[in-house]
Number of protein chains: 2
Amino acid sequence: MKIETKTRRFSSPLYLESGRILEPYEIVYETYGRINEDKSNVVLICHALSGSHHAAGTYEGDRKPGWWDGLIGDGKAIDTRKFYVISTNVIGSCFGSTGPMSANYPSEAPYRLQFPVVTIKDMIRAQMQLLSDLGIYHLRAIVGGSMGGMQALQFAVDYPNLADDIIAMAATYATQPWTIAFNKVAVEAIRRDPRFESGNYAKDAFIEEGLDGLAIGRIAGHISYLSPDSMDDKFGRNYVSNDGLFELFGRYEVERYMEYNTTNFSKIFDPLSYLYIVKAINTFNLARGYETLYDAVLRIKARMHLISFKGDYLFFPREMEHIYKMMQRNKQSCHYTEVGSDYGHDAFLVELKRFEGLIAGILK
Amino acid sequence: MKIETKTRRFSSPLYLESGRILEPYEIVYETYGRINEDKSNVVLICHALSGSHHAAGTYEGDRKPGWWDGLIGDGKAIDTRKFYVISTNVIGSCFGSTGPMSANYPSEAPYRLQFPVVTIKDMIRAQMQLLSDLGIYHLRAIVGGSMGGMQALQFAVDYPNLADDIIAMAATYATQPWTIAFNKVAVEAIRRDPRFESGNYAKDAFIEEGLDGLAIGRIAGHISYLSPDSMDDKFGRNYVSNDGLFELFGRYEVERYMEYNTTNFSKIFDPLSYLYIVKAINTFNLARGYETLYDAVLRIKARMHLISFKGDYLFFPREMEHIYKMMQRNKQSCHYTEVGSDYGHDAFLVELKRFEGLIAGILK
């Protein structure tokens, strides 16, 4: 499978939900597979908070493949011998699309806190512009989990004729206060970190030593991505063997896991991007811009496939079920599956075996 | 009801579980009611992480009563016309008992990080010393919630002949990784805060402006004290009316709640104490010091009353149920009640109406 990474620069303005304008802006995206003649084999992939356009394949010299590599590829559930897969990086990101550290044209200085708040609606509007520039007006399917699932749902509502199938996983119809509270840890930890300098940190300031605030916020994130059961399985009450039980900073294995993963993350992810993307997640509400959630959902024409995970403590299964029940009452085409997993929210990234058959079946 | 606040200084050493020694040490405690002639009416109250000995009554000039004032007082569930109630402040605390900011005798300088790690077992050993000094060898009951419930359980196991009834609420037999992970946010946020100065901050440094690290850690705490349902009820997706929805730092009401409560808390609670008490919670394991949990539980002779709250996301009801089932199999006297509350862990502090009758019944 060949990976092609491209950047598209748009000179037309992007009108944001806030009333502000992003102009110019860029989207980085990857494609896998080949587009067929009538462009009827395009599948769009949407990424989550910490993800990027690099969903599949392994770059030369890299050890780690893309974040959904188990799902996308030759002969895999999203089969790149049959489908032309497009995976775009959301605006606001730090991985190439226009975000808070991009130049605030015509200045060459980065936007920083001058960057406008972007929403899930804005993210998909930017992706629509990309598709339109590529001459793609119809998608076989849109697939995403977590914030990617929010995008898939928003596509279904805002552009009802775009895709045949929408597969949204581990998401919600509107972000609930429980999740906003988890995000609040990151918001406050980043904002109050003196090295954040109110967003005026030097570029590349955190490559050597990540921003503590981001690492701390990410601990709260990881709690919400796991679940009590998955933590019991993974760590139990095991103590790090070299750490003394009666030393104040001696650690349980769950603590070491949190330290290790979050410190690494804080070296590769930009804190301003994190704040902006978290804001997009917090403000996600499928009903916004419509009279009610019911009106929004009623617009959907695609075949909907909603997948939740039993042990998801970030977006509880009942939240997806809420959409399902609404669509069922309306006799709209909707399937709902609650995958039995104790892996927590992260199941959409790691328990592929549990739902790849489902996705393959939908795309048959 | 008269509040008497006293301090007891012990000159005999306290031998800690770690092998270290605390000497001398002090315990601050409050009493409510009158002790009867044969000292058969004593009830011991154990406090939680952020609590103190001030469980009931209102100090002169204060507006806020003690943390369990609804439960303890004349004519209340723990009736101070009948019972002599003793409420002690745990060692490690910043509210008067010996803790990390106490003088490291014979020096006058505070212990800071030289303070030994204390455990729940150590906390109750110190309380045993106090009771012994007061000539009290038998208790009518021991009552506590959360970390207070841990103490009550540890009393039941370590001192099986001490109390007639043990009432332990919203606790566990051993702190699980889910809870340790929540605490980890506070540990890292405090530790990495430059103003913490590796524990060498000036005394009273945070009275004006609390330590950010503690406030941030406390956000994670508050998430775990509430529940998805209680947050839905309390805040929903309401936005703070003066904050713009499309401002990066505009806030949902749940965010304002988190900001307000945690910032206030960081001005009144000492960060070193927080670290030490969190450590005591993390290391809590009723089985430690015995062959197995089964062996520990088998020692219990008191009538046990275990109370969980349905929506408790910090110590899940199944954790208390685990003890109950074990005792039931052993035909030990044990009652288990799962109180139907969506209030989350905090229910033990706020939903008194739901369990005060239960407690009054036990103490009849």
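Values in this text are rule-based calculations from the coordinates and carry no lab data. Just so we're clear, the structure is a prediction, and the values are computed from it rather than from any experiment. Here the Cβ is made from the backbone with ideal geometry for all residues, glycine too, and neighbour counts use every protein chain on show.
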Backbone HN-Hα couplings from phi across the range A:169-181 [Karplus 6.51/-1.76/1.60, Hz, Gly and Pro as x]: 10, 6, 10, 7, 7, 6, 5, 8, x, 4, 6, 4, 5
Label distances, nm, residue A:301 versus same residue in remaining copies, Cβ-directed 7 Å point: 7.9
Förster radius 51 Å - calculated FRET efficiency between residue B:164 and residue A:321, Cβ distance, rounded to 0.05: 0.60
Two-site FRET efficiency, residue B:295 against residue B:360, from Cβ-Cβ distance with R₀ of 45 Å, rounded to 0.05: 0.85
Given chain B, longest segment not containing exposed loop GluC sites (Glu not before Pro) (DSSP; at most 10 other Cβ within 10 Å): B:109-207
Under Karplus coefficients 6.51, -1.76 and 1.60, residue-wise ³J(HN,Hα) of the range A:30-42 in Hz, glycine/proline x: 10, 10, 10, x, 10, 7, 8, 4, 8, 6, 9, 10, 8
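Could you work out the per residue convex hull volume over the alpha carbons of the range B:135-179, in cubic angstrom? Before the final figure, lay out each step's value.
Working: hull volume 3.0 nm³, N = 45.
That works out to 66 Å³ per residue.
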Rel. contact order, % - alpha carbon contacts under 8 angstrom, at least six apart, the range A:203-291: 41 percent
Two-decimal ratio, the range A:231-364, of alpha-carbon radius of gyration to 2.2 N^0.38 Å: 1.42
Span per principal axis, largest first, for the Cα atoms of the range B:240-284 (Å): 43, 21, 14
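Of all the stretches in chain A, which is the longest one without any exposed loop site, taking chymotrypsin sites (Phe, Trp or Tyr not before Pro) in a DSSP loop (any state but H, G, I, E, B) with at most 14 other Cβ atoms within 10 Å? Present the calculation step by step, with values, prior to reporting the outcome.
On the way: sites that count: A:59, A:137, A:249.
Answer from the scan: A:250-364.
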Nearest-first distances (nm) between copies at residue B:9, label 7 Å from Cα via Cβ: 7.6
Principal axes of the range B:168-252: Cα extent on each, largest first, Å: 41, 39, 19
Gyration tensor verdict on the range A:281-341 (Cα atoms; rounded if a/c is under 1.5, prolate if a/b is larger than b/c, oblate otherwise): oblate
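Mean separation of Cα pairs under 8 Å and 6+ residues apart, divided by the residue count of chain B: what relative contact order is that in percent? Spell out each step's value before the answer.
Values: 742 pairs, mean separation 63.4, N = 364.
Once divided by the residue count of chain B, the mean separation gives 17 percent.
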Square roots of 5 times each gyration tensor eigenvalue, C-alpha, the range B:44-109, largest first, Å: 28, 13, 10
Between the range A:170-216 and the range B:310-364, the Cα center-to-center distance that results, in Å: 37 Å
Copy-to-copy label separations for residue B:20, where each label sits 7 Å from Cα toward Cβ, in nm and ascending: 5.0
Integer Hz, Karplus 6.51/-1.76/1.60 couplings in order for the range B:70-82, x for Gly and Pro: x, 9, 10, x, 5, x, 8, 3, 9, 7, 6, 7, 9
Distance histogram in 10 Å bins (all Cα pairs of the range A:210-295, percent per bin): 15, 33, 27, 16, 6, 3
Separation in nanometres of the label points that stand 7 Å from Cα toward Cβ, at residue B:333 and residue A:133: 7.7 nm
Whole-angstrom gap from the range A:1-78 to the range A:252-300, using each part's C-alpha centre: 19 Å
Counting all C-alpha pairs of the protein assembly as shown, share separated by more than 49 Å (%): 22 percent
Reciprocal of mean inverse Cα separation for the range A:12-91 (Kirkwood radius, Å): 14.0 Å
Pairwise FRET efficiency - residue B:198 versus residue A:242, Cβ, R0 = 25 Å, nearest 0.05: 0.75
Filtered trypsin sites (Lys or Arg not before Pro), the range A:1-107: DSSP coil and at most 13 other beta carbons within 10 Å: A:2, A:34, A:63, A:81
Within the range A:61-87: backbone nitrogen closer than 14 Å to the residue A:6 label point (7 Å, Cα to C-beta): A:84-87
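So which trypsin sites (Lys or Arg not before Pro) in the range B:172-212 are both in a DSSP loop and have at most 14 other Cβ atoms within 10 Å of their Cβ? Present the calculation step by step, with values, prior to reporting the outcome.
Details: sites: B:184, B:191, B:192, B:195, B:203; in loops: B:192, B:203.
Sites meeting the loop and neighbour criteria: B:203.
Taking Rh as the Kirkwood radius, which is the inverse of the mean 1/r over Cα pairs, what is the Rg/Rh value for chain B? Walk me through the intermediate numbers first.
Values: Rg = 20.2 Å, Rh = 21.1 Å.
Here Rg/Rh amounts to 0.96.
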